[in-house]
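The values are calculated or read from the model by the stated rules, or taken from the named source; none is laboratory data. Since this is a predicted model, take the numbers as computed values, not measurements. Cβ placement follows ideal geometry from the backbone for every residue including glycine, while neighbour counts extend to all protein chains displayed.
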Amino acid sequence: MSYADASTNKLGLAVLKNARYLVAVVDKHGLVKMLECPGLPWCINGLRVGRQLPESLQAIVDICDESTSTQLFPYVQISDDVHTDVHVLSNGSEAQLILHDVNVAYEGAHEFQQKAHDVSLLLEQQAELNRLLEEKRAEADAANRAKSRFIATMSNEFRSPISSIMAHADALHAERRDAREPAAIQRASWYLLTLLENLLEQARMEEDERKLDLSNVEIPPMLSDMRQLFGNQARSRGLMLKVDNPDQASLVRADEIRLHQVLVNLLSNAMRYTHEGEISLLCRRQGDAIEFCVADTGKGIDEGDLERIFEPFTRINPTGEGSAGLGLTVSRKLVEAMQGELTVQSKTGDGSTFSFSLPIPAKDQLKTIENLEGLSVLLVEDDVDVREMYRIWMEDWGAHVRTVPSCDLAVAEFENDPVDLILTDLFLADGNGVELLTLLRKTRPGLATVLCSSSDSIETYLGRDGAVVDAFICKPVSAKRLESALQTAIRLAKSV
Amino acid sequence: MNSFKICLMGAFSVGKTSLVRRFVHEVFDQRYTTTLGVKIETREVELDSGPVKLVIWDMEGADNGDREAELVSSRMKAYLKGVNSVMLVADGTRAVTVRTAWRLQEWLHREWPGIPVVMLLNKSDLQDKWQPGLQQKEESSKSLLCFTTSALSGENVEDTFRHLARQLSEKQ
């Protein structure tokens with residue numbers, strides 16, 4: 001049926017309105033020669049017999065080859081609201097176009113695609129935001145690491161002079177047991193060291209590195225230190241300080257400085273938040289462990305804050321004096337690192353009790369005491385105060401000590417008269433201690449070696465030469481720790 | 001009058017339709033309506049050598065899928081029949097669309113060797129949100145002529161189409 005026929009026939013018009021395609025025949029110049037079913041609602045404006053094909057359709061016809069099969073161009077937008085599949089069959093002199101109405105299918109697919117693209121754009125934006133967030137986080141982490149490195153470096157720098165102060169205060173105290181000044185310097189130094197170690201420990205936690213120097217720590221001197229350190233402060237504030245060791249516990253397996261640090265932190269906290277009553281440090285045996293409890297009669301902690309107090313830089317009472325908010329965070333991490341767990345029990349208005357347990361040394365961890373009497377030692381240390389202090393200690397134990405400030409002089413001294421043990425600092429003006437020990441060990445394989453440093457990250461320097469170090473000791477060095485390191489080195493050197 | 005078929009390809013929502021509307025009708029619509037299938041527009045351009053007709057096929061967006069069928073659908077392959085040149089369009093604010101454009105370029109190089117291809121980094125009006133260094137990187141690319149355009153402001157749109165028209169005219 002032609003358009004002319006259908007348009008004058010009511011039945012024909014009804015059929016055309018329901019038809020879903022039209023057919024057009026055009027000559028090689030694009031002139032429409034014939035239309036079938038052209039009266040549809042989506043029919044294209046301008047598509048009339050005797051007229052030129054609309055440009056969009058002409059563009060399609062122009063690119064079609066002569067072919068015996070139709071060429072399909074799906075979903076062609078002919079006008080704002082008309083979408084068709086265009087089929088073209090061309091024989092060179094004329095082309096036949098079949099336009100298949102796809103509006104219904106198009107609408108559904110278009111709506112789906114529009115939503116899919118909207119969602120995709122949102123997801124892209126989300127991904128971009130996540131990327132930016134990740135970038136910012138990486139920047140913040142880098143800045144935090146830089147800050148931590150700075151704190152660690154500065155703390156290490158502080159260790160040497162504090163070490164020297166503590167060592168000389170120890171010596172003064174040994175000479176004048178009844179004098180108050182050396183004891184005061186000792187206590188202040190320990191307190192300063194604890195603050196420093198807290199900072200350093202926090203920096204280490206952020207750098208995710210922590211080194212422990214586990215040894216068998218004597219409990220009575222540690223408790224005595226605490227009594228001395230906090231006794232006066234408690235008295236001056238009208239508080240009672242009880243330090244009790246009912247089971248006469250003698251040894252615990254711990255890092256001495258870290259254990260000292262934890263106890264100072266807990267007692268400082270108790271002192272800070274207790275205004276009347278008493279503070280107690282109780283040490284007792286619990287099976288194969290030693291339990292330490294620090295209790296106070298202060299105002300206690302709300303239940304909701306019991307975990308929050310272990311977060312860094314958190315101060316439940318912002319008016320608390322002299323607190324950086326690091327003590328409990330660091331203490332919990334340190335106790336965990338020493339295989340314990342720091343817990344708290346508290347109720348508002350009813351005081352607080354902080355407890356942790358550490359193991360008693362196993363039998364094979366109890367060392368035989370090596371005699372240092374007559375031991376010949378070459379001490380290489382460029383800090384004159386520290387060097388003198390070590391010399392005095394070692395001579396007190398009966399060792400024969402020669403001291404030099406540099407690597408070159410150490411080599412010359414050793415060649416001149418070999419010794420049983422070398423104690424050297426890691427960083428020296430003309431080289432590093434590890435290289436020195438490596439060199440001297442080659443000369444004398446049975447030589448006992450001790451490396452000392454204010455930095456506890458020595459792996460970088462040890463490298464493959466780690467085996468040349470029998471014992472490592474991190475500053476600040478106490479007489480007891482030095483003695484222990486010397487004995488370890490002698491024992492290891494003997495066993496080779 | 002010479003007539004050249006130019007296909008616009010690229011990821012969805014990079015501004016292909018907006019570029020065509022800017023070039024053909026000198027209008028811009030902020031609303032985003034996705035293109036499904038193809039829309040064909042024409043415009044005559046007066047060159048020194050005489051007028052030419054550009055028949056512009058504004059194609060639906062390519063998906064950045066892993067498979068070729070996702071990148072270039074069978075519909076898109078049909079639309080490319082008889083093409084004289086391809087404009088690859090990317091959105092400078094979305095790195096993923098630049099990657100899609102480069103993948104399309106590789107595909108065209110393989111399937112339509114010798115076809116002139118230019119890259120349009122669109123949305124230059126949002127240059128402060130572009131990926132850092134993107135423009136320099138694309139412009140320094142020796143394998144593809146790159147234009148920075150904005151359908152919103154019209155920046156470079158006319159020049160880019162004219163440049164391509166001249167290139168096609170000279171080539172003929």
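Of note:
- Answer residue from region A:193-241, given it is polar (S, T, N, Q) and in the same structural domain as A:D296 (by TED's automatic domain parsing) and is modelled with the highest pLDDT among those: A:S224
- Applying the criterion of at least 1 residues that are surrounded by fewer than 20 Cβ atoms within 10 Å (Cβ to Cβ) and modelled with pLDDT of 90 or more to the strands (runs of 3 or more DSSP E) found wholly in region A:312-426 leaves A:343-346, A:352-359, A:376-380, A:400-404.
- When residues of region A:107-164 are limited to those that are touching a Lys or Arg at 6+ places or on another chain (Cβ under 7 Å) and of a type outside the set (G, A, S), the one nearest to the other protein chains (Cβ to nearest Cβ): A:E124
- Residue satisfying all of: in region B:2-43; of a type in the set (D, E, K, R) and touching a helix residue (DSSP H, G or I) at 6+ places or on another chain (Cβ under 8 Å); farthest from B:A78 (Cα to Cα) among these: B:D29
- Single unsatisfied condition, A:D101 versus (1) within 11 Å of chain B (Cβ to nearest Cβ); (2) surrounded by 18 or more Cβ atoms within 10 Å (Cβ to Cβ); (3) acidic (D, E): (1)
- Condition broken by A:S189, with the remaining ones in (1) closer than 17 Å to A:S224 by Cα; (2) of a type in the set (S, T, Y); (3) at pLDDT below 80 satisfied: (3)
- Inside region B:25-40, residues that are within 11 Å of another protein chain (Cβ to nearest Cβ) and touching a Lys or Arg at 6+ places or on another chain (Cβ under 8 Å) make up a count of 3.
- Applying the set (1) surrounded by fewer than 21 Cβ atoms within 10 Å (Cβ to Cβ); (2) in a helix (DSSP H, G or I); (3) under 43 Å from the mean Cα position of the chain (by Cα) to A:L436 leaves exactly one unmet item: (1).
- Within region B:1-24, the residues that satisfy the criterion of being surrounded by 18 or more Cβ atoms within 10 Å (Cβ to Cβ), farther than 21 Å from A:K115 by Cβ and within 13 Å of chain A (Cβ to nearest Cβ) are B:F4, B:K5, B:I6, B:C7, B:V20, B:R21.
- Scanning region B:52-83 for residues that are in a loop (DSSP other than H, G, I, E, B) and more than 10 Å from chain A (Cβ to nearest Cβ), we see that the one that is surrounded by the most Cβ atoms within 10 Å (Cβ to Cβ) is B:V72.
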